[in-house]
């Protein structure tokens, strides 16, 4: 009883960092087979191998964010010029707005009355005083510092897990055997396979969705289509992330002179790809890796996301795989018990 209370107190104390530690565990389990091969190539080094893998993963995960920041920097001059023209001339009513059925004319009148006037744009921009900008900067700076701290702790934990993975795995198997009895090792293996299957399925589906939607970008004439395709691949690993990516691409296409029909085509094509990929292809890949029925896998993914957030995308199938393993173990007939 005392040990349980002490454990609960420790978890309560570090509750803000449990998700961070969970990500490190998921990444460590996912790359463990590859890490063992790298470690054997490096002569079993306990420093060089985990450091190399951790640094490589950190660099790989930072590439999409670095590309986004570089693109924002390149487009900064364009945005400044656009805001200047908006302040001086207002935002003219786009031609396609008049062609919208039912509410097209009303929307055009509202646009003309509120957005096309230079005075309104000037009032809006003048409202962005130095205090407002300073407050935004402090908020963004605090959020950035918090995310950097959590990222550092994630990769630090990953390094420690890789370096001491054999010892940690032995202790985990011992605890699982004590809690769940004889099928403990099988249960741990099933959970590890579920994590790897979920990670691999998520990455494969995200890459496939990004490529297919990227083809739509090229055909529709989206500016910087390759950049938006890379962003779509990165954001497709997040719930509803790809929807934000191709929605932004459609808006950029319209603002740069593209047709409304092409923008609508991007949204429709992206929605179709995401619905099929997220609801059919991804559960099938994950379920096939861990021998989970399709319905169990889908419920694990959706329920995990709803209950635990983003990390639930991986925890959900793991919990379902563990439950199915226990069920199969308990439901296996005992030899000689039944005639």
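Go through the residues of segment 271-278 one by one and say whether even a single one is modelled with pLDDT of 90 or more and touching a helix residue (DSSP H, G or I) at 6+ places or on another chain (Cβ under 7 Å).
Yes, there is a match, as at least one residue in segment 271-278 is modelled with pLDDT of 90 or more and touching a helix residue (DSSP H, G or I) at 6+ places or on another chain (Cβ under 7 Å).
When you scan segment 19-37, do you find a residue that is in the same structural domain as residue 153 (by TED's automatic domain parsing), over 28 Å from residue 305 (Cβ atoms), in a helix (DSSP H, G or I) and modelled with pLDDT of 85 or more, even just one?
Looking for residues that are in the same structural domain as residue 153 (by TED's automatic domain parsing), over 28 Å from residue 305 (Cβ atoms), in a helix (DSSP H, G or I) and modelled with pLDDT of 85 or more, one finds at least one in segment 19-37, hence yes.
Please tell me if residue 197 is assigned to a helix (DSSP H, G or I), in contact (Cβ under 8 Å) with a residue 40 or more places away in the chain and under 21 Å from the mean Cα position of the chain (by Cα).
Values: assigned to a helix (DSSP H, G or I): yes; in contact (Cβ under 8 Å) with a residue 40 or more places away in the chain: yes; under 21 Å from the mean Cα position of the chain (by Cα): yes.
When the stated conditions are applied, residue 197 passes them.
Kindly evaluate residue 202 against the criterion of being under 19 Å from residue 316 (Cβ atoms) and within 19 Å of the chain's Cα centre (by Cα).
Yes, satisfied.
Can you confirm whether residue 232 is surrounded by fewer than 16 Cβ atoms within 10 Å (Cβ to Cβ) and at pLDDT 85 or above?
Here the answer is no, as residue 232 does not meet what is asked.
Would it be correct to say that residue 182 is outside the structural domain of residue 283 (by TED's automatic domain parsing) and modelled with pLDDT under 80?
Details: outside the structural domain of residue 283 (by TED's automatic domain parsing): no; modelled with pLDDT under 80: yes.
No, not satisfied.
From the list 148, 153, 238, exactly one residue is modelled with pLDDT under 85, surrounded by fewer than 20 Cβ atoms within 10 Å (Cβ to Cβ) and not assigned by TED's automatic domain parsing to the domain that holds residue 269. Which is it? Walk me through how you get there before you give the answer.
Working: 153 fails: modelled with pLDDT under 85; 238 fails: not assigned by TED's automatic domain parsing to the domain that holds residue 269.
Of 148, 153, 238, the one residue that is modelled with pLDDT under 85, surrounded by fewer than 20 Cβ atoms within 10 Å (Cβ to Cβ) and not assigned by TED's automatic domain parsing to the domain that holds residue 269 is 148.
State the number of residues belonging to segment 253-286 that are surrounded by 16 or more Cβ atoms within 10 Å (Cβ to Cβ) and outside any helix (DSSP H, G or I).
Residues flagged as surrounded by 16 or more Cβ atoms within 10 Å (Cβ to Cβ) and outside any helix (DSSP H, G or I) within segment 253-286 amount to 1.
The values are calculated or read from the model by the stated rules, or taken from the named source; none is laboratory data. Since the structure is predicted, the reported quantities are computational estimates derived from the model, not experimental observations. We place every Cβ from the backbone using ideal geometry, glycine too, and count neighbours over all the protein chains shown.
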